[in-house]
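Bear in mind that the values in this text are calculations on the coordinates, not laboratory data. Because the structure is a prediction, the values reported are computed rather than measured. Ideal geometry is used to build each Cβ from the backbone, glycine not excepted, and the neighbour counts take in all protein chains shown.
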Amino acid sequence: MQRRWLLVRGLGLALGAVMLWWAQEPGQAQAGDGKKWYKGNLHTHTSHSDGDSTPMEVAAWYKGNRYQFLALTDHNYFTEIEGLNAMHAAHERFLLITGEEVTDAFDRKPVHINGVGLTRLVAPTGGRTMVETIQKNVDAIRAAGGLPSVNHPNFGWAFGSKELLQVEGANLFEVYNGHHGVNNLGGGGWESMDELWDALLTAGKRWHGIAVDDAHTFKTTGKNLAVPGRGWVVARAARLEAGEIMAAIRAGDFYASTGVELASVERSERGLKLEVKPASSFKHRVHFIGRNGKVLKAVTENVAEYQLQPGDGYVRARVDASNGDQAWTQPVWAR
Ligand SMILES: [Zn+2]
Ligand SMILES: [Zn+2]
């Protein structure tokens, strides 16, 4: 009798877990144009370079943790994804996008540029200056059909906004990278990633910021290990397809997060409106940020809005939660 009760209870728990899975199945529609939100990570490593797990294991981690898309970006290695995608394609659940971390250096400082959606391997180009090294790798990624994304500028204190202001053909960088060695917050006279972003935007360069894991370690955890689940993007697309996701990333139709969830983001030339999903135990503040990183407005409501004023130039939003989690929307520009 007791065994039967345990069996029934076990089945009930399993059914509950399945229902929870379906209830939380992302790709939920947002009112209006019918587009949906898809969560993904655009920077991660496998055993094809210095990661500790195979591409199949890494894909399984992200799929199992409710991500919908993933780019495998190994150092100077192009991973074929057809087989993995065929395994995961059912029910619009999970999509692998091609990727590579084109890994170069100038003057022994790291120059790592991700190519997302590449059609083939891109070899690091080298260059005679830091700017030329970044530029040539960006150009090589674009020539291979990829979307260039500038990784962790403060890793090895390699370069900053001064160099990126001189780069053409790229508009994506990591405002947050989950690797413990990348110095997101700057210091000692070096820009934080938020400051770097505002330096670019203030100069009229329309860059977008992503959050990524740069995960290497899936089999062990620890503060000083590059584990998954620290930073991601949530892109708004008509369907889960590489071209659609890439178009959303290119257009800035996404937000970056380390934990804060947004229910909606409305961007227009008039301004920016967003809604923070309420969290049970954390409080938050929304900062609307403009030229030179100036905080134009700070509010604590879930629904927050900023209307661009003449002379503002641009506005972007960052949500800071009391537990340290953050989210970043992409900037909008006055006409
Ligand atoms: Zn790197
Ligand atoms: Zn990396």
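By the scheme Lys and Arg +1, Asp and Glu -1, what is the net charge of all other residues having a beta-carbon under 15 Å from that of residue 187? Mind dumping the intermediate values first?
Working: positive: none; negative: 191, 194, 195.
Summing Lys/Arg as +1 and Asp/Glu as -1 gives -3.
Work through the residues other than residue 260 whose Cβ is under 10 Å from its Cβ and net out their charges, Lys, Arg +1 and Asp, Glu -1. Write out the running numbers ahead of the final one.
Numbers: positive: 277, 318; negative: 261, 320, 325.
My count for the surroundings of residue 260 gives -1.
The range 262-335: Rg/Rh from Cα coordinates, Kirkwood Rh?
Numbers: Rg = 11.9 Å, Rh = 12.3 Å.
Ratio of gyration radius to Kirkwood radius: 0.97.
Report, in listed order, any pair from 136/205; 136/277; 63/223; 109/297; 162/219 with a Cα-Cα distance greater than 30 Å.
Values: 136/205 19 Å; 136/277 41 Å; 63/223 23 Å; 109/297 38 Å; 162/219 38 Å.
Check vs 30 Å cut-off fails for 136/277; 109/297; 162/219.
Starting from the Cα gyration tensor of the chain, take the square roots of the eigenvalues, sort them a ≥ b ≥ c, and report rounded, prolate or oblate (rounded when a/c is under 1.5, otherwise prolate if a/b is larger than b/c, else oblate).
On the way: a/c = 1.74, a/b = 1.20, b/c = 1.45.
Because a/c hits 1.5 or more and a/b fails to exceed b/c, the chain counts as oblate.
Pull up the cross-link candidates among the aspartates and glutamates for residue 36, meaning alpha carbon to alpha carbon under 13 Å and not fewer than 8 places away within one chain.
In chain and number order, the partners are 25, 92, 241, 244, 253.
Using modelled amide H (1.01 Å from N, peptide plane; none on Pro or chain starts), what sits under 5 Å from the amide H of residue 104, excluding residues fewer than 5 places away?
Amide H neighbours of residue 104: 111, 112, 113.
In what sequence, highest mean first, do 198-210, 41-53 appear when ranked by Cβ atoms within 10 angstrom? Spell out each step's value before the answer.
Working: 198-210: 19.8, 41-53: 21.9.
Descending packing order for the listed peptides: 41-53, 198-210.
Per the helix-only calculation at 222 nm, which mean residue ellipticity applies to the chain, given -39500 (n - 2.57) for every DSSP H run of n ≥ 4 and division by its residues, nearest 500 deg cm²/dmol?
On the way: 7 runs with 77 residues, N = 335.
The per-residue figure over the chain is -7000 deg cm²/dmol.
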